[in-house]
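Here's the structure, in structure tokens; my notes come after.
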There are 2 protein chains.
Amino acid sequence: MSQHRHPGAPGRAGAVPTLPDLPEATVARLPEYLRALHNLADAGHETVSSEGLSAAAGVNSAKLRKDLSHLGSYGTRGVGYDVALLIEQIEYVLGLTQRRAVALVGVGNLGHALAGYDGFASRGFRIAALLDADPSRVGEEINGLVVRHVDDLPTVAAEESLAIGVIATPAAAAQQVADQLVAVGVTSILNFAPCVLSVPEGVDVRKVDLAIELQILSFHEHRKASLTALPATGGTAFTALPGGFAATDTQEAIGT
Amino acid sequence: MSQHRHPGAPGRAGAVPTLPDLPEATVARLPEYLRALHNLADAGHETVSSEGLSAAAGVNSAKLRKDLSHLGSYGTRGVGYDVALLIEQIEYVLGLTQRRAVALVGVGNLGHALAGYDGFASRGFRIAALLDADPSRVGEEINGLVVRHVDDLPTVAAEESLAIGVIATPAAAAQQVADQLVAVGVTSILNFAPCVLSVPEGVDVRKVDLAIELQILSFHEHRKASLTALPATGGTAFTALPGGFAATDTQEAIGT
DNA sequence: AGGCGCTTGTGAAGACGTGCACAAATCGCG
DNA sequence: CGCGATTTGTGCACGTCTTCACAAGCGCCT
């Protein structure tokens, strides 16, 4: 092995957090790899090949290898990757070695569900506070946490360092909540409200919008429908495809 | 420009559904434009410039223009885009002229919230059925819909043509549900379960995973933290930003 | 009518992401 | 010890997406 100045030294984070700046696309896939790796570990595998892991994560094996190579990963040629080590590596890079505190704002329909979602806890996060602007909701207990008023954010932030804010309010309130989050030092926001947030530089926003996902699927439905109507480029306007839909197969897998 | 054989003829879908095959990246943004356009329409605007619309949708104006140009859009130079017309265009392309029926499988924590989410109805979709595998949940009424057993899927599909299936079950059940959905002819699936689904060609799957989003944010947090540790080029490691944070608005917008 | 300012639509260049295909490395076995 | 089977890591070519910059078109004003 040459020098391989392995970047993050998960074994011991001495004082050189040389985070390689990964391509954004790679970052977006790492969590998927991580989940697949945990599954493999639970199933008792100690090593896994790029082929095996990529299948479990639903990607191309070359892509997987390139992704892992970006974080200076340790695989052994002829053998594969050490599952436990790789988990450690990825968790380190993703900053999951510390359990980050999440503030959830908006305990309505969706927020309520998120508050009860166990995927938070099981994947490296801890809901530190539930907040809502509606006084009638304040005081309600959900999943062991008491809902506080959103104006208490400064207090909450003083109690513990909030890393991430989740906005699950109606669109109309989202921008104001975002401002409040930013004001108390939150620099990462996950926004479920269907609107664009404007935040200062240095603050990351990711958006999840249910309706958008559905509309994208709708487009592909529409497309598939119109394709079965006019099958090919050439002539032959109709194929009818009566009852069955059979094997209309064309490739798929929508890019993220 | 020459003929502008405008693609979808939203006015009248005569018999030529010449869906242009849009770049996937464009498709993913169209819903955002659509939402922004609806806001503008509600605010009374009749036309909007690419600059204005792109700001409302949180993208670059050149990108917006190129996106719209792909669907053979109608803007007027020197004026802008006709809001109502553009809405019609985009809705047509996305296949939203018909209200698509959605089957929601898994009425647990998250599924319950989704069932009550009004963004479904308001943005072109209709929940046609709630399904669950747990017999103790069958019969429960949510938001005016009665939960049926997932094995009734064939019956449900016979009653009305299901376009899209939403999976909100635990990961362990997701693949089986997906198989069942595919078996009754569903060709688009929105998967909230944290696992990879394998489906036949021709079936589109989109995945939404809360924990993944958080982990991506976590990476950027980690990164920002390690950058402030080694201030590097800029200098001034700390800006403190006491109370105020001013209006530095440049949104971040992480690539999807 | 003509000119001027504004805005769209797009060519071209560059950045980014993907996938192939293969050399380099490692293990196990005879 | 050497060889073959296996699997990683990566150079390269290709396709997609983004962004700039500007010509073409449109409306308005004089």
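The values are calculated or read from the model by the stated rules, or taken from the named source; none is laboratory data. In this text, all values refer to a predicted model and were calculated from it rather than measured experimentally. All Cβ positions, even for glycine, are placed from backbone atoms using ideal geometry, and neighbour counts span all protein chains on display. With ligands, DNA and RNA removed, areas are computed over all heavy atoms of the protein, side chains included. Shrake-Rupley method; radii C 1.70, N 1.55, O 1.52, S 1.80 Å.
What's the number of the only condition in (1) in the same structural domain as B:Leu104 (by TED's automatic domain parsing); (2) surrounded by 18 or more Cβ atoms within 10 Å (Cβ to Cβ) that B:Gly144 fails to meet?
With respect to (1) in the same structural domain as B:Leu104 (by TED's automatic domain parsing); (2) surrounded by 18 or more Cβ atoms within 10 Å (Cβ to Cβ), B:Gly144 is out only on (2).
Can you find even one residue in segment B:58-67 that is under 20 Å from A:Gln175 (Cβ atoms) and open to solvent by 10 Å² or more (accessible area, probe 1.4 Å)?
Going residue by residue through segment B:58-67, those that are under 20 Å from A:Gln175 (Cβ atoms) are B:58-59.
Filter once more, so that each one left must be open to solvent by 10 Å² or more (accessible area, probe 1.4 Å): B:58-59.
Yes - at least one qualifying residue is present in segment B:58-67.
Scan segment B:77-88 for residues that are more than 6 Å from DNA strand C (Cβ to nearest atom) and either of a type in the set (Val, Ile, Thr) or within 13 Å of chain A (Cβ to nearest Cβ) (or both) and jot them down.
Listed by number, the residues that qualify are B:Val83, B:Ile87.
Return the total of residues in segment B:41-65 being more than 16 Å from DNA strand D (Cβ to nearest atom), outside any helix (DSSP H, G or I) and more than 14 Å from chain A (Cβ to nearest Cβ).
Residues meeting the conditions: 1.
Take the residues in segment A:19-40 that are open to solvent by 30 Å² or more (accessible area, probe 1.4 Å), more than 8 Å from chain B (Cβ to nearest Cβ) and closer than 10 Å to A:Asp67 by Cβ; name whichever of them is farthest from DNA strand C (Cβ to nearest atom).
Applying the filter and picking the extreme gives A:Arg29.
Show the residue pairs meeting these rules: Cβ distance below 6 Å; 6+ apart or different chains; first residue within segment A:84-111 and open to solvent by 50 Å² or more (accessible area, probe 1.4 Å); second residue among the aliphatic types (A, V, I, L, M) and not in a loop (DSSP other than H, G, I, E, B).
Once the first residue is open to solvent by 50 Å² or more (accessible area, probe 1.4 Å) and sits in segment A:84-111, its partners that are among the aliphatic types (A, V, I, L, M) and not in a loop (DSSP other than H, G, I, E, B) give A:Asn109/B:Ala113.
Run down A:Val102, A:Val107 and say which single residue is within 14 Å of another protein chain (Cβ to nearest Cβ) and part of a loop (DSSP other than H, G, I, E, B).
A:Val107 is the lone residue from the list that is within 14 Å of another protein chain (Cβ to nearest Cβ) and part of a loop (DSSP other than H, G, I, E, B).
Please find, among B:Gly11, B:Gly44, the residue that is at pLDDT 95 or above, surrounded by fewer than 18 Cβ atoms within 10 Å (Cβ to Cβ) and away from DNA strand C (no atom under 15 Å from the Cβ).
B:Gly44 is the lone residue from the list that is at pLDDT 95 or above, surrounded by fewer than 18 Cβ atoms within 10 Å (Cβ to Cβ) and away from DNA strand C (no atom under 15 Å from the Cβ).
With respect to the numbered conditions (1) farther than 25 Å from B:Arg35 by Cα; (2) outside any loop (DSSP other than H, G, I, E, B); (3) not acidic (Asp, Glu), which one is the sole condition not fulfilled by B:His112?
B:His112 satisfies every listed condition except (1).
Against the condition aromatic (Phe, Trp, Tyr), surrounded by 15 or more Cβ atoms within 10 Å (Cβ to Cβ) and either modelled with pLDDT of 95 or more or within 25 Å of B:Asp204 (Cβ to Cβ) (or both), how does A:Phe219 come out, does it pass?
yes
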